[in-house]
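J.: There's a structure below that I have some questions on.
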Amino acid sequence: MRVRLFEAGELIGGNLLNDFCTISGLKIEGKQIPKIENEALDKTGADFLLALNHQYPIYNEGQRNKERDTLARLVSKLCVGRYCPVSRDEAISFCKRYKESNERLRERVFVERSQALFDEDFSDYPEKPEPLEPDYERVVDLVMRIWQMKQ
């Protein structure tokens, strides 16, 4: 088993498929490259998909619910962004809890690395977390954009 970091900057060729093929000694030529899916969502997209998951099942009578999948793909396209429900201090505190074990992992598995395994710059995290309550006006706007796309 080869332990690797799952971050675009750490992956050979910047993506998982190139990295896996290179590390495994497989040729990537002739392979069907899937399109990128499941990118980070903004708060509106995260709220919408969370509610969708509760109300509109992924599976219907043992089969993938294609209508739900189509709607989820549209939301993913319209709501690319970053939702950060924790404050900077909470993120720093979380990281500190694992700092010692991450360092042990670096020393044992990633001996050639001198820097920490994970980015410790939290300056892009908000001072205060974003509110957890859904913003219904933004969700209605999203629904209207989906409706317009389907017309």
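What follows draws every value from the coordinates through simple rules; no lab data is involved. Only a predicted model underlies this, so the values are computations on that prediction, with no experimental measurement involved. Positions of Cβ are generated from backbone atoms using ideal geometry, with glycine treated the same way; all protein chains shown enter the neighbour counts.
J.: Which of the residue pairs 35/77; 77/150; 35/66; 43/96 have a Cα-Cα distance greater than 22 Å in the structure shown?
T.: Too far apart for the 22 Å limit: 43/96.
J.: Counting other Cβ atoms within 10 Å, which chymotrypsin sites (Phe, Trp or Tyr not before Pro) in the stretch 107-151 have at most 13 and lie in a DSSP loop?
T.: Within the stretch 107-151, the qualifying chymotrypsin sites (Phe, Trp or Tyr not before Pro) (loop, at most 13 other Cβ atoms within 10 Å) are 118.
J.: For the stretch 10-47 and the stretch 95-133, write down the distance between their C-alpha centroids in whole Å.
T.: Spelled out, the Cα-based centre of one part sits 22 Å from the other.
J.: Could you work out the longest stretch of the chain that avoids the GluC sites (Glu not before Pro) located in DSSP loops with at most 15 other Cβ atoms within 10 Å?
T.: 62-111
J.: Let me ask another. For residue 41, enumerate residues with amide H under 5 Å from its amide H, sequence gap 5+ or separate chain, H modeled in the peptide plane.
T.: Sorted by chain and number, the residues that satisfy this are 81, 83.
J.: Compute, for the stretch 56-135, the length of the dipole vector about the Cα centre, with Cβ point charges of +1 (Lys, Arg) and -1 (Asp, Glu) only. Units Debye, rounded to 20.
T.: 380
J.: Gain in length, residue 87 to residue 128, computed as 0.36 nm per residue apart minus the alpha-carbon separation, to one decimal in nm?
T.: Value of the extension gain: 14.3 nm.
J.: 5 Å is the cut-off here: which amide hydrogens, built 1.01 Å from N in the peptide plane, fall below it relative to residue 65, excluding neighbours closer than 5 in sequence?
T.: Close amide H contacts, sequence-distant or interchain: 59, 60.
J.: In vacuum, with every alpha carbon of the stretch 33-151 counted as one equal point scatterer, what does the Debye formula give for log10 I(q)/I(0) at q = 0.09, 0.10, 0.16, 0.23 Å⁻¹? Two decimals, please.
T.: At q = 0.09, 0.10, 0.16, 0.23 Å⁻¹ the computed log10 ratios are -0.41, -0.49, -0.92, -1.24.
J.: Got a sec? Which residues in the stretch 61-83 would a label at residue 35 touch, if it sits 7 Å along Cα→Cβ and we count backbone N under 11 Å?
T.: The answer is 73-74, 77.
J.: Relative contact order of the chain: what whole-number percent is it, with Cα pairs under 8 angstrom and at least 6 residues apart?
T.: 24
J.: Also, I was wondering about something else. Which trypsin sites (Lys or Arg not before Pro) in the stretch 7-80 pass both tests, a DSSP loop state and at most 11 other beta-carbon atoms within 10 Å?
T.: 27, 31, 35
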